[in-house]
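Take a look at the structure below.
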Amino acid sequence: MLTVLSAKPNIMILATGGTIAGQASSANATTGYKAGALGVDVLLKAVPELKNIANISTEQIANIDSSNMNDEIWLKLAKKVNQLMNNGNIDGIVITHGTDTMEETAYFLNLVTKGSKPVVLVGAMRPATATSADGPKNLYNAVALAGSKNALNRGVMVAMNDKIYAARDVTKTHTLNVETFKASNAGEIGYIVDGKAIFNHTVTKEHTRNTPFDVSSIISLPKVDIIYTYSNDGSQVASEAFVKAGAKGLVVAGSGAGSIHENSKNYLIKLLKEKKILVVKSSRVGSGLVPISKEELNQGFISANDLNPQKARVLLMLALTKTKDPRQIAKYFEYY
Ligand code: ASP
C-alpha cells in the first residue's frame, strides 16, 4: 500500500518582542524583567519540537515591550503579512508579541490584512528565563495552529494558554496570571491539544478580505485618542489637549453602558458640532453593548458596539482613512 506523507507546512514567524522574549535576572522573577530582550532564534531553540511540525522561517520585525507599540510597527507588520499572504511558499504566519497591546495589534491586522492564511499572535506572561515559562508551549501551539488547514479563513487569531481567540473579541484581563486572555462577549473560538487545533465557533464579524481598509499606500494613520469618564470627571482638559495636538477622533471609555459625565459630555457635543471631531462611545466596564439614543445619534455620537475603548480606537482610526461621515462610520462599527 502506498502511504502519502503530508508535507509539513511552511510557517513564517515575525518577532516583535514582548515577555515571550523577556529576560529576567533570576528564574523566580516574573516581574521587573526586560521584555523584548531575546532574539527570535533564542525562542526557537527553547522549542526544538517545532521542527517536527513545520518548516520555520523567521524575521525580527522589532524587539520591544508591547506597551510601546506604535503605528509605524503596525504598518510595517501589516505590509509584511500582506506580502506573505501572496507568497506561495508560506502556509501560515505567527507573530510573537507582548501581551499588553496584543489585542490591539491583532484587531488592526484583522482589519487590514487580506488573505485566508492563518495569522496567529502569541506571547507569554512569564519571561523566557522563568521557571515554568509559558512562552515555549504557547509558541508550539501557535505554530501548530498557523499550520492547520482548519484555521484558514478565520481572520487573525490569538493563541494563549491552549486557547484560540478571534482578534476582535479577545482582551487581556489579568495583570500577571497566565490565564489572562478572555473574550467576554463571545468566548474563545477553540482550543489546542497536543498540537491539534479544535474549533467550536465560527467568527461572524467581517474581517481581512471583507473589510474596505487598505494600508498598502498609507504611511501614517489618523490620530485618535481615548478619554476616560469617572466621578467629578475632569477629562475635558484631555479632550481639549488631544484635539489641539491633532486628534481627528476621540473614543470615550464611558461608565456603565457608555454613559459620559455631563462635565465631559457637554464639551464633546461642542467638539462634534464645531470641530467635526468624531466621537465614539464605548464602555470601561469590559463587556456588553453600548446603546445610543436618538438624541445622541443626531448629535453625531457613534456607538462602539461591544468593542472595548482600545479596539474602538483602532476601528475609528481605520474608518477615518475612508470617511468622516458619522453614519458610515457607525455602519463600520456594526460590521467589523
Ligand atoms: N509588558 C509586556 C509586553 O507587552 C508584557 C507581556 O508581554 O506579557 O511586552
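The values are calculated or read from the model by the stated rules, or taken from the named source; none is laboratory data. Keep in mind the model is a prediction, meaning the values are calculated, not measured. Virtual Cβ from ideal backbone geometry, glycine too; neighbours counted across all protein chains shown. Quick note on the areas: whole protein, heavy atoms, side chains included, nothing else; ligands and nucleic acids left out. Shrake-Rupley method; radii C 1.70, N 1.55, O 1.52, S 1.80 Å.
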Can you tell me how segment 268-336 classifies by the Cα gyration tensor, rounded, prolate or oblate, using a/c under 1.5 as the rounded cut? oblate
Compute the FRET efficiency between LEU176 and GLN299 as 1/(1 + (r/R0)^6), taking r as their Cβ-Cβ distance and R0 = 45 Å, and round to the nearest 0.05. 0.65
Springs between alpha-carbon pairs under 10 angstrom, Gaussian network model over the chain: which of GLU296, GLU206, GLU104 fluctuates most? GLU296
Residues with beta-carbon under 14 Å from that of ASN153, excluding ASN153: net charge, scoring Lys, Arg +1 and Asp, Glu -1? +4
What does the C-alpha gyration tensor say about the overall shape of segment 132-265? Classify as rounded when a/c is under 1.5, otherwise prolate if a/b is larger than b/c, or oblate. prolate
Going by amide H atoms built from the backbone, whose H comes under 5 Å of the H on TYR228, apart from near neighbours? ALA253
Give me the accessible area of MET102, 1.4 Å probe, in Å² rounded to the nearest 10. 0
For segment 1-92, the dipole about the Cα centre with charges only on Cβ (Lys and Arg +1, Asp and Glu -1), to the nearest 20 debye, works out at 140
When the solvent-accessible surface of protein heavy atoms is calculated with a 1.4 angstrom probe, in what order do ASP162, ASP41 fall, highest first? ASP41, ASP162
Most fluctuating residue given options GLY256, GLY92, GLY123, as computed from a GNM of the chain linking Cα atoms under 10 Å: GLY256
Within the P(r) computed for segment 193-318, what percentage of the Cα pairs occupies the region above 25 Å? 31
Of the accessible area of the chain, computed with a 1.4 Å probe and all protein chains kept, carbon and sulfur make up a percent value of 49
Projecting each Cα onto the charge dipole of the chain (Lys/Arg +1, Asp/Glu -1 at the beta carbon, about the Cα centre), which of LEU75, LEU43, ALA29 comes out farthest on the positive side? LEU75
Which percent of Cα pairs goes in each bin when the distances of segment 215-267 are cut into 10 angstrom slices starting at zero? 24, 46, 20, 10, 1
The ³J(HN,Hα) series, computed from each phi in segment 220-232 with the Karplus coefficients 6.51, -1.76 and 1.60 at θ = phi - 60°, rounded to the nearest Hz and given as x for glycine or proline, is 8, 9, x, 7, 10, 10, 10, 10, 10, 9, 6, 4, 6
Calculated from backbone phi, Karplus (6.51, -1.76, 1.60) coupling profile of segment 9-20 in Hz, x at Gly/Pro: x, 9, 10, 9, 9, 9, 9, 10, x, x, 5, 4
Classify segment 1-84 as rounded, prolate or oblate, taking a ≥ b ≥ c as the square roots of the eigenvalues of its Cα gyration tensor: rounded when a/c is under 1.5, otherwise prolate if a/b is larger than b/c and oblate if not. oblate
Heavy atoms of GLU274 accessible to a 1.4 Å probe, total area in Å² rounded to 10: 130
Treating each Cα of the chain as an identical point scatterer and ignoring solvent, apply the Debye formula and state log10 I(q)/I(0) at q = 0.12 Å⁻¹. -0.83
Here the gain from full extension of TYR230 to ASN68, 0.36 nm per residue of separation minus their alpha-carbon distance, amounts to 55.8 nm
The set of residues whose placed amide H lies less than 5 Å from the amide H of GLY115, leaving out same-chain residues fewer than 5 positions away, is ARG209
Out of residues 5 or more away from ALA15 or on other chains, whose amide H comes under 5 Å of its own, with H placed 1.01 Å from N in the peptide plane? GLU59, GLN60, ILE61, ALA62, THR96
Extension gain, ASP194 back to ALA7 (0.36 nm per residue minus Cα-Cα distance, nm): 65.5 nm
The chain, Gaussian network, Cα under 10 Å: of VAL224, VAL156, VAL237, the residue fluctuating most is VAL237
So what is the relative contact order for segment 148-233, in percent, with contacts set as C-alpha pairs under 8 Å and at least six apart? 22
With a 1.4 Å probe and all protein chains in place, put ILE93, ILE226, ILE219 in order of accessible area, largest first. ILE219, ILE226, ILE93
Ordered by residue, what ³J(HN,Hα) values in Hz, to whole numbers, does segment 240-256 give under the Karplus form 6.51 cos²θ - 1.76 cosθ + 1.60, where θ = phi - 60° and Gly and Pro are x? 4, 5, 4, 5, 4, 7, x, 4, 9, x, 10, 10, 9, 7, x, 8, x
Using a 1.4 angstrom probe and counting only protein chains, how large is the accessible area of SER303 in Å², to 10? 20
